[in-house]
Amino acid sequence: MRILGIDPGTRFCGYGVIETDGYEARALEYGVVRCRNASVPVRLKEIFTGLMEVLERAEPDIAAVESTFSGTNARTALKIGEGRGVALLAAASCGVHVVEYAPARVKKSVVGSGRAHKSQVQHMVRTLLNLPDDDIPEDAADALALALCHMHRLNVPGDG
């Protein structure tokens, strides 16, 4: 199974694709769609185009997208919502089913604590996927963590 994790944003959108048999996983690709310093509509189009390229290249079976969480202020929630909308549209355009996970659930699944710091998520993603020690962009690490979270969910009886 191929799982695409998407960490949505309006300036940077992290993505990570893993392949798994349900127990072990390997990273196929990861990165960040980076937008020019342009208007919001132009940035959203760039994110959509970038995600469409990833979706067409990786051919995932499912996409795991970060959901918004209630602790976010209204302005941040709106920006995250715009990026999420683009991610959901891109996946739907390719016929890819989407599941959503709250940030705390992703962190707990990968690190063991829902309050883990980004550096801890990066470290565990590198460890779990046996990736080189060079820097993985935070947004890409978060996207890979989303994919791993879904993989872990597949192995929980009654949770899938």
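So, counting K/R as plus one and D/E as minus one, what does the shell of residues with Cβ under 12 Å around residue 114 add up to?
Residues near residue 114 contribute +4 overall.
Annotation: extensible slack from residue 133 through residue 45 equals 28.4 nm (criterion: 0.36 nm per residue apart, minus Cα-Cα distance).
Spatial offset of the range 74-133 relative to the range 1-61 amounts to 11 Å, using the alpha carbon center of each.
Over all other residues within a Cβ to Cβ distance under 15 Å of residue 8, the charged ones net out to -2, with Lys and Arg as +1 and Asp and Glu as -1.
Considering only protein heavy atoms and a probe of 1.4 Å, how much of the accessible area of the chain is carbon and sulfur, as a whole percent? The C+S portion of the solvent-accessible surface of the chain is 50 percent.
Between 134, 142, 61, the GNM of the chain built on Cα springs shorter than 10 angstrom shows 134 fluctuating the most. 3J(HN,Hα) couplings calculated from phi for the range 26-31 with the Karplus curve 6.51 cos²θ - 1.76 cosθ + 1.60 (θ = phi - 60°) are, in sequence order, 9, 6, 8, 6, 7, x Hz; Gly and Pro show x. Just checking the listed ones, 145, 87, 27: in the Gaussian network model of the chain with Cα springs under 10 Å, the one fluctuating most is 27. Comparing 146, 78, 88 in a Gaussian network model of the chain, where Cα atoms under 10 Å apart are tied by springs, the biggest mean-square fluctuation is seen for 78.
Could you state the angle between the C-alpha long axis of helix 74-93 and the longest principal axis of the C-alpha atoms of the chain, as a value from 0 to 90 degrees rounded to the nearest 10? In the chain, helix 74-93 runs at an angle near 80 degrees to the longest axis. Heavy atoms of the protein chains alone define the surface here; on that basis the chain has 52 Å² accessible area per residue at 1.4 Å probe size.
Near residue 58, once Lys and Arg are set to +1 and Asp and Glu to -1 for all other residues with Cβ below 15 Å from its Cβ, the sum equals -3.
The values are calculated or read from the model by the stated rules, or taken from the named source; none is laboratory data. Since the structure is predicted, the reported quantities are computational estimates derived from the model, not experimental observations. Don't worry about glycine lacking a Cβ; one is built from the backbone with ideal geometry, like all the others, and counts go over all protein chains shown. Just the protein is used for accessible areas: all its heavy atoms, side chains included, with ligands, DNA and RNA removed. Shrake-Rupley method; radii C 1.70, N 1.55, O 1.52, S 1.80 Å.
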